[in-house]
């Protein structure tokens with residue numbers, strides 16, 4: 001498909017990353033609507049933020065997150081050239097979820113990012129978007145490990161591990177061993 005335009009509902013620069021997906025439709029132009037079902041879509045960023053706040057409150061009360069509302073917001077979409085195709089058009093779109101970093105700072109991706117995340121500044125017509133770098137993914141994993149060590153072993157153990165000159169830390173049972 002030949003993209004002719006990218007329509008942004010929100011400026012992509014305000015997001016650290018965007019999720020990118022493609023969608024088969026019979027329409028070459030016009031907005032892409034969210035999918036239906038339990039995972040609906042929000043029409044505005046404020047609506048998405050409200051759902052994220054509801055999820056946060058539900059989690060703090062110890063509620064079952066299986067039934068927590070989860071919606072997404074389409075940030076932008078591509079329009080393709082109308083070739084009168086009988087099979088439809090594949091169109092890309094960019095979106096965020098309620099637990100993404102830019103919507104909810106303490107969400108699942110507070111430190112890392114999902115596998116479909118792309119750099120918003122790399123999005124262009126008829127060009128493949130650049131995935132968010134592995135360096136930031138590794139930093140996210142490193143932060144998760146740091147949080148786990150601090151939570152289970154305390155700040156003293158974390159300080160001991162960080163003072164070690166070793167680059168690999170292996171955790172066994174209740175003790176820490178560096179190698």
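The values are calculated or read from the model by the stated rules, or taken from the named source; none is laboratory data. Because the structure is predicted, anything quoted here is derived from the model rather than measured. In this analysis, Cβ positions are derived from the backbone assuming ideal geometry, glycine residues included, and neighbour counts consider all displayed protein chains.
Cβ-Cβ contacts under 7 Å between residues 6 or more apart (or on different chains), taken from a first residue in region 139-153 that is over 15 Å from residue 114 (Cα atoms) to a second residue that is at pLDDT 70 or above, are listed as 143/111.
Among residues belonging to region 117-138 that are more than 20 Å from residue 11 (Cβ to Cβ) and surrounded by 13 or more Cβ atoms within 10 Å (Cβ to Cβ), point out the one that is modelled with the highest pLDDT.
Across region 117-138, the extreme among qualifying residues is 131.
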